[in-house]
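Working notes, structure below.
The values are calculated or read from the model by the stated rules, or taken from the named source; none is laboratory data. Just so it is clear, the model here is predicted, and its values are computed rather than measured. With ideal geometry, Cβ positions are generated from the backbone for all residues, glycine too; neighbour counts draw on all protein chains shown.
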Amino acid sequence: MSTQTTVNAPAPPSNELVIRKLDSNTTIFSLPFARGGVVPFGGRSTAIKLQDGSVWLGASHPLDPATLDAINDLGPVKHIVQFDAEHGMYTKQYHDAFPSAKLYLPVGGVDKWKKKQPLPEGTITFEHGAHETDPFEATTGGEIKSSSFVKAHINQDIAFLHVPTKTLIEADLLMNLPPTEQYSRSSARSTIPFLSGMMKPGSTAQKRFVHYLAAKDKKEMADAAKKVATWDFDRIIPCHGDVIETGGHKAWTDTYAWFLENN
């Protein structure tokens, strides 16, 4: 096991955490999360071992001992991303554990970080929206790609693609409720009648949610969504809901059809 960390896991062990390897490169960390303490969305972090042996980490749940051990087993963490401005509750836990990793934040995440502590040197900020330069071309040789929704989405989301495994990784851009896996070790209910079934990829309810509630700039949303639609992916790992193991590209284009067709 690697000894790269300098701190212990700050979160207590969780009996509800599900750690699952999707393939030799990809490990997900799933657990219950209820929006507003009521609506079961589920939460998830994703770790990917890159071809150079380092780890790319989308951090979005408490860093507990089992998570720390699993990440250390993968390799040295080189990249820590915050999916959007709202998924930053645990980012500092991971950066404290892996201080040599490069940090990637949406501009709203930077603002929140600076209110509590100095920004780590070398942090990369997403702030220019759909047309900004993708930093992962330089930092991962293009193994990871990104599409910035920071000007488009109310939560300043960023979508990521792991090219070799054809996997899209995202937070609030697309949900696949109910969060069955994330609640599989919990006694709490994973569904709310009617609502959970509505938030399926491509459903009219999710299309309306994205178009009328999530999009703060529809032109930017269309541009960023079109960029994602050009990518070659089959699997989607959402933060909220079950992994879409196959058919992910259609799930994306169905959900964002109003932006892809009308702009």
Checked the stretch 87-123 for anything among the acidic types (Asp, Glu), free of Cβ contacts under 8 Å to residues at least 40 places away in the same chain and either within 20 Å of TRP56 (Cβ to Cβ) or part of a loop (DSSP other than H, G, I, E, B) (or both); matches are GLU121
With the structure loaded, tell me whether GLY36 is free of Cβ contacts under 8 Å to residues at least 24 places away in the same chain and under 27 Å from LYS116 (Cβ atoms) or whether it fails that test. yes
Any chance THR204 is surrounded by fewer than 22 Cβ atoms within 10 Å (Cβ to Cβ) and either modelled with pLDDT of 95 or more or more than 25 Å from LEU31 (Cβ to Cβ) (or both): yes
Residue list for the stretch 124-143, filter: among the β-branched types (Val, Ile, Thr), touching a residue at least 60 places away in the same chain (Cβ under 8 Å) and either surrounded by fewer than 20 Cβ atoms within 10 Å (Cβ to Cβ) or in contact with a His (Cβ under 6 Å, 6 or more places away or on another chain) (or both): THR139
Go through TYR212, TYR183 for me and flag whichever is aromatic (Phe, Trp, Tyr), touching a Lys or Arg at 6+ places or on another chain (Cβ under 8 Å) and farther than 23 Å from THR125 by Cβ. TYR183
Test result for SER24, under 30 Å from ASP234 (Cβ atoms), touching a His at 6+ places or on another chain (Cβ under 6 Å), part of a loop (DSSP other than H, G, I, E, B) and of a type outside the set (D, E, K, R): no
Return yes or no: is ASP223 closer than 27 Å to ASP134 by Cα, of a type outside the set (Val, Ile, Thr) and touching a residue at least 24 places away in the same chain (Cβ under 8 Å)? yes
